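First the structure, in the form of structure tokens, and then the observations on it.
The values are calculated or read from the model by the stated rules, or taken from the named source; none is laboratory data. Every value quoted in this text rests on a predicted model; they were computed, and no experiment measured them. Cβ sites come from the backbone with ideal geometry, for glycine too, and all protein chains shown count toward neighbours.
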């Protein structure tokens, strides 16, 4: 238990240092004077820009040695002082608050939908390996896995918003808008988790304790519910840890595609606009979200599989 | 960058399964199109002809023309070649250091391994695409950071698999016997290690290429990857999307091409174990 906790804490620290260091280097190597760029971003490039740039230089301490600036940079990161956006001029932390909520909702909805689709398809496939459900599931998984998320999103958008007119193609605010982006991610996630579930269920169905449960006269639904589900769930849940990569990457892509005002969308915008404090803040949040999902998966695995508690 | 996850350590079944065969066939067709296409098709993928804007499929233009009247078949061929080339180079840039460092770590152990393990952990702390995005922030729209970022995230998988497998192989009694009989490291590597890790690395390479193709097209589609007018499949889709009402097939063509590329690679990589 403690071991898992420390590993995740360490991971969070590594995320912060990698993101912080990259953004610090980014700030220094971009062509042009950093102070000038910030001043231009804040006040607009007008005749008094040089004066403004000097003020910015003093304010941010850009005239100090690089090493001092770097330590200072990491220090403010540790205090969660993320600075101000070069574009809007508002505190990054403030912008992130709103966006983080939107992204968390999207990720949670996608995960939930994928758990409704993937494991159920996998369960029917695994109970009868080689049967119709198994083969249809396999075809679906192979197809959906080969479609990149942005193409999947476009297809859903064209089908559900354009042709059928059921759902809005973009925007934010009501559950109707979250459905398409979440479904895009969920289908990709389910393509993977359905096969893991199928293999896990097939393995459980072959196990001696499963046969024994049948021999002692339990009905089929009871056998599956009491002896199948929990055992089969262990690999599926630990696989979610790997799927977190797909989820986070997908959130970035899908948010940009559906103009969904989350952190991924903000990250892509910040990169295009070279708004480094925003790049840092958003990348940090996405990284920490990744760590948090990993930690949650650890906890659920421990709860599902008591054997892990002894070794952990 | 998450397509690697269902690699099993079992050696692939002997013989070529039907899925693998289908994947290989698909790739040969697409590879032919991307290598021969740009040479054979006379039209320039950047040549505009506004008179032929959104020309239909099968008219003067074989697969129609886009909104600037650029020949779609030429753009698709160049796009496929770009995707293949990017994917192949990225795979090489990831596989070479990954495999060599994996062998080194398994062979040497000790501090060498601990250091490499640390680097791998640092790289894996963030989802791969985030690292690529952060590097892209240095120069959006350029090949360099895109290529570097992808290679940087993909080498870890090669390193890990090579290291673990080589370690297992080296610990087995027949290696010890070979050593005691006086066979050198080179002999052991060629005759005992390579036959085991070879197929795995081939599988990983196909996955890495599929991942690279998805990543490049995705990043270009969200306008931080390669920029128009480069005939990149992902950005072609986004460019043509506003004209979906007039020319739906034009949008679906590049999307289908990406799908088939990735499908071919994934089928080739995992065969019947999908």
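Kindly indicate whether residue B:269 is modelled with pLDDT under 80 and either buried (at least 19 other Cβ atoms within 10 Å of the Cβ) or in contact with a strand residue (DSSP E or B) (Cβ under 6 Å, 6 or more places away or on another chain) (or both). In short, no.
The set of residues from the range B:236-256 being closer than 25 Å to residue B:145 by Cβ, surrounded by 21 or more Cβ atoms within 10 Å (Cβ to Cβ) and within 11 Å of another protein chain (Cβ to nearest Cβ) comprises B:237, B:254. For the condition touching a residue at least 60 places away in the same chain (Cβ under 8 Å), within 11 Å of chain B (Cβ to nearest Cβ) and touching a helix residue (DSSP H, G or I) at 6+ places or on another chain (Cβ under 7 Å), residue A:157 qualifies. Does at least one position in the range A:17-32 carry a residue that is modelled with pLDDT of 75 or more, assigned to a helix (DSSP H, G or I) and away from chain B (no Cβ under 13 Å)? Looking through the range A:17-32, none of the residues is modelled with pLDDT of 75 or more, assigned to a helix (DSSP H, G or I) and away from chain B (no Cβ under 13 Å). Applying the criterion of being more than 11 Å from residue A:99 (Cα to Cα) and assigned to a helix (DSSP H, G or I) to the residues of the range A:256-269, the residue that is farthest from the other protein chains (Cβ to nearest Cβ) is A:269. Within this structure, residue A:186 passes the test of being in contact (Cβ under 8 Å) with a residue 24 or more places away in the chain, away from chain B (no Cβ under 14 Å), under 13 Å from residue A:117 (Cβ atoms) and crowded, with 22+ Cβ neighbours inside 10 Å. Residue pairs whose Cβ atoms lie under 9 Å apart, sitting 6 or more positions apart in sequence or on different chains, and linking a residue in the range A:271-287 that is at the interface with chain B (Cβ under 9 Å from one of its Cβ atoms) and on the phi > 0 side of the Ramachandran plot to a partner that is surrounded by fewer than 24 Cβ atoms within 10 Å (Cβ to Cβ) and in a helix (DSSP H, G or I), are A:274/A:26; A:274/A:37; A:274/A:41. Mind checking which residues of the range B:187-205 are surrounded by fewer than 24 Cβ atoms within 10 Å (Cβ to Cβ) and under 23 Å from residue A:146 (Cβ atoms)? Answer for the range B:187-205, where residues must be surrounded by fewer than 24 Cβ atoms within 10 Å (Cβ to Cβ) and under 23 Å from residue A:146 (Cβ atoms): B:199, B:200, B:201, B:202, B:203, B:205. For the range B:257-264, the count of residues that are assigned to a helix (DSSP H, G or I), closer than 27 Å to residue A:195 by Cβ and more than 9 Å from chain A (Cβ to nearest Cβ) is nonzero. Out of B:89, B:104, B:116, B:131, one residue alone is within 14 Å of another protein chain (Cβ to nearest Cβ), part of a helix (DSSP H, G or I) and touching a helix residue (DSSP H, G or I) at 6+ places or on another chain (Cβ under 8 Å). It is B:131. Only residues that are modelled with pLDDT of 85 or more and surrounded by fewer than 23 Cβ atoms within 10 Å (Cβ to Cβ) were counted across the range A:245-260, and they come to 0.
Among the listed residues B:21, B:82, B:29, B:76, identify the single one that is at pLDDT 80 or above, out of contact with any helix residue (DSSP H, G or I) (no Cβ under 7 Å at 6 or more places or on another chain), more than 14 Å from every other protein chain (Cβ to nearest Cβ) and crowded, with 18+ Cβ neighbours inside 10 Å. Matching residue, one of B:21, B:82, B:29, B:76: B:82. Within the range A:127-143, the residues that satisfy the criterion of being in contact with a helix residue (DSSP H, G or I) (Cβ under 8 Å, 6 or more places away or on another chain), facing another protein chain (nearest Cβ under 10 Å) and surrounded by fewer than 22 Cβ atoms within 10 Å (Cβ to Cβ) are A:138, A:142, A:143.
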